[in-house]
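The structure appears below as structure tokens.
The values are calculated or read from the model by the stated rules, or taken from the named source; none is laboratory data. Because the structure is predicted, anything quoted here is derived from the model rather than measured. Positions of Cβ are backbone-derived with ideal geometry, glycine not excepted, and every protein chain shown enters the neighbour counts.
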Amino acid sequence: MAEVLVLVDHVDGQVKKVTLELLTAARRIGEPSAVVVGEATDELKAKLGEYGAEKIYTAPAEIDDYVVAPKAELLAKLAADKSAAAVLVSATAENKEVAGRTAVKLGSGVLTDVVDVTPEVVAEHSIFGGAVITHAKVTSGVPVVAVRPNAIPAEPSSGAAAVEAVEIEISDAAKAARITDRVKQEKGARPELTEAAVVVSGGRGVGSEDFSVVENLADALGGAVGASRAAVDAGWYPHAFQVGQTGKTVSPNLYIALGISGAIQHRAGMQTSKTIVAVNKDPEAPILEISDFAVVGDLHKVAPQLTEEINKR
Ligand code: FAD
């Protein structure tokens, strides 16, 4: 069976959940090989093995000093050397760029924002607010696939992976953008937006920069907080939390939209959520069309009651 390369996302020595999802998907296609840029701790290597990585390729330390381009050179070289069946990365903004560059180097094609992938590397996309599912396949070369976090459930497998250091000469052109400093993000109590199983988002309907009604419900559910662009543009919540076409893409088990109308650009970032709940005072709001459950009412009345009930349990 051919190898399937998975670019590992990790932070503070911990593998991100999305990588475990990618390894699960990779097992359908062939033999998963994890590619680690940055420090591969023992804990990280053990976790990758637990989710089916048969090999772990560790990149030269210098690659971690640069943005995007050297990762693409690394993946393209490995894919060519190993005659890989596919390259899988998470569909983050940075990795989508890595994916595109890797596909160009391989002379193949890239599929982004994929929500599922078959053993034949046919990729599934969810479009038009989840109303239409499309399938696409790269027709020549090694397919490069960027999969959305939370789209494919991670399932453990057995075994420990063999570790192999990769040697590669990175071109000068790829070294154009160097990382000069890393600022450690303050670790809040809430999970990261794109990784969270529950996301509670607030829109213009929240009415002010006091987002506590959204935050309290998110905290009761152990979830992350998101925001619509209208709320972000109003300066009520930071852009890092914006969900949608020009923000983050999320695909949690539960997405609660408080006072969000459901514009197409917002849907683009949350339409693949497993269960969507909307609280909106307008029964005609478009978000209701894609919601599994909806409460027509004032979010400032509904959300606090919901938070109180959840906190009682
Ligand atoms: P509104 O559309 O104003 O909706 C507010 C909703 O709150 C209404 O449905 C209203 O009935 C309800 N409401 C009001 N008060 C209450 C209350 N007390 N209780 C309950 N409900 C209440 N948008 C994004 O979100 N993310 C993006 O990434 C994004 N990218 C964009 C990119 C482009 C190129 C463009 C052109 C637009 C983009 N937008 C994006 C903007 C998008 O088109 C919408 O304008 C935006 O999503 C609207 O945000 P909203 O739903 O919070 O506000």
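Contact list please: Cβ distance under 7 Å, first residue in the range 241-254 and within 11 Å of the ligand (Cβ to nearest atom) and of a type in the set (Lys, Arg), second residue at pLDDT 95 or above and assigned to a strand (DSSP E or B), pairs at least six apart or on different chains.
LYS248/GLN242
For the range 277-295: of the residues being of a type outside the set (A, V, I, L, M), more than 9 Å from the ligand (Cβ to nearest atom) and in contact with a Ser or Thr (Cβ under 8 Å, 6 or more places away or on another chain), which is farthest from VAL147 (Cα to Cα)?
PHE293
Scanning the range 255-276 for residues that are of a type in the set (Gly, Ala, Ser) and within 9 Å of the ligand (Cβ to nearest atom), which turns out nearest to ALA151 (Cα to Cα)?
Once the filter is applied, the top-ranked residue is GLY269.
Which numbered condition in (1) part of a strand (DSSP E or B); (2) surrounded by fewer than 22 Cβ atoms within 10 Å (Cβ to Cβ); (3) touching a residue at least 40 places away in the same chain (Cβ under 8 Å) is the only one that ALA174 fails?
(1)
May I ask you to list the residues in the range 93-103 that are farther than 15 Å from VAL35 by Cβ and within 10 Å of the chain's Cα centre (by Cα)?
Hit for the range 93-103 is ALA93, nothing else.
Which condition from (1) of a type in the set (Val, Ile, Thr); (2) in contact with a strand residue (DSSP E or B) (Cβ under 6 Å, 6 or more places away or on another chain); (3) surrounded by fewer than 20 Cβ atoms within 10 Å (Cβ to Cβ); (4) under 22 Å from THR194 (Cα atoms) is the one that VAL279 breaks?
Failed condition: (3).
Could you name every one of the strands (runs of 3 or more DSSP E) located completely within the range 206-313 that has at least 2 residues being under 19 Å from PHE128 (Cβ atoms)?
254-258, 275-280
Assess whether GLU120 counts as being surrounded by fewer than 19 Cβ atoms within 10 Å (Cβ to Cβ) and over 21 Å from the mean Cα position of the chain (by Cα).
Yes: the conditions hold for GLU120.
Return the only residue of ALA160, ALA131 being exposed (fewer than 12 other Cβ atoms within 10 Å of the Cβ) and more than 29 Å from TYR66 (Cα to Cα).
Going through ALA160, ALA131 in turn, just one is exposed (fewer than 12 other Cβ atoms within 10 Å of the Cβ) and more than 29 Å from TYR66 (Cα to Cα): ALA131.
Restricting attention to the range 232-248, and to residues there that are surrounded by 21 or more Cβ atoms within 10 Å (Cβ to Cβ) and β-branched (Val, Ile, Thr), which single residue is farthest from ARG267 (Cα to Cα)?
VAL232
For the range 110-149, name all the residues that are of a type in the set (Val, Ile, Thr), at pLDDT 95 or above and not in a strand (DSSP E or B).
THR118, VAL121, VAL122, VAL138, THR139, VAL142
Does at least one position in the range 205-227 carry a residue that is of a type in the set (D, E, K, R) and within 8 Å of the ligand (Cβ to nearest atom)?
The answer is no, given that none of the residues of the range 205-227 is of a type in the set (D, E, K, R) and within 8 Å of the ligand (Cβ to nearest atom).
Kindly indicate whether any position in the range 186-204 is in a helix (DSSP H, G or I) and within 16 Å of the ligand (Cβ to nearest atom).
Yes, the range 186-204 contains a residue that is in a helix (DSSP H, G or I) and within 16 Å of the ligand (Cβ to nearest atom).
Can you work out which of the residues in the range 249-270 that are under 14 Å from the mean Cα position of the chain (by Cα) and surrounded by fewer than 22 Cβ atoms within 10 Å (Cβ to Cβ) is modelled with the lowest pLDDT? Spell out the reasoning first.
Residues of the range 249-270 that are under 14 Å from the mean Cα position of the chain (by Cα), as a first pass: 249-253, 268-270.
This time we only want the ones that are surrounded by fewer than 22 Cβ atoms within 10 Å (Cβ to Cβ), so: 253, 268.
Working: ASN253: 93, ALA268: 88.
Step by step, filter the range 249-270, then rank; the result is ALA268.
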